[in-house]
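Below: one structure, written as structure tokens.
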Amino acid sequence: MSKKQYTRNYKLDAVKLAIQGEESIAQTAVNLGVHKATMYQWVSKYRSEVMQNGVNLTPDDEIKQLRKEVSRLRQEREILKKAAAYFAKHQA
């Protein structure tokens, strides 16, 4: 099985879509036909390069990213609340 080769521009566009888009990184990977682990590696590499080079996202991009993260964290919190209530109820 041969490995797909993606251009740097494709990777950069995919990462920007994953970071700035409404979908999760995993869902963006699925939508683009890229393995989830690969997408997470691209995002991680992009973020580390951004930090090393001192290049920041534009304020609008950063706000979008933070809102997306807040939304994800709220969803996770709701799931944990429901799980805690379930286990508290079913504990004998």
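Taking I63 as the residue in question, decide whether it is at pLDDT 85 or above and among the β-branched types (V, I, T).
It is false that I63 is at pLDDT 85 or above and among the β-branched types (V, I, T).
Give the residues of the range 17-46 that are free of Cβ contacts under 8 Å to residues at least 24 places away in the same chain, among the charged types (D, E, K, R) and within 20 Å of R67 (Cα to Cα), sorted by residue number.
E23, the sole residue that qualifies.
How do the helices (runs of 4 or more DSSP H) wholly within the range 15-92 filter down when requiring 2 or more residues that are of a type outside the set (G, A, S), closer than 20 Å to Q5 by Cβ and assigned by TED's automatic domain parsing to the domain that holds K3: which remain?
25-32, 36-53
Among (1) without any contact (Cβ under 8 Å) to a residue 12 or more places away in the chain; (2) within 14 Å of the chain's Cα centre (by Cα), where does K4 come up short?
Evaluating K4 over (1) without any contact (Cβ under 8 Å) to a residue 12 or more places away in the chain; (2) within 14 Å of the chain's Cα centre (by Cα) leaves (2) as the failure.
Only one of (1) surrounded by 13 or more Cβ atoms within 10 Å (Cβ to Cβ); (2) under 14 Å from the mean Cα position of the chain (by Cα) is not met by Y10, so which one is it?
Answer for Y10: the failing condition is (2).
The values are calculated or read from the model by the stated rules, or taken from the named source; none is laboratory data. This structure is a prediction, so every number in the text was calculated from the model and none was measured. Using ideal geometry, Cβ is built from the backbone for each residue, glycine included, and neighbour counts are taken over all protein chains shown.
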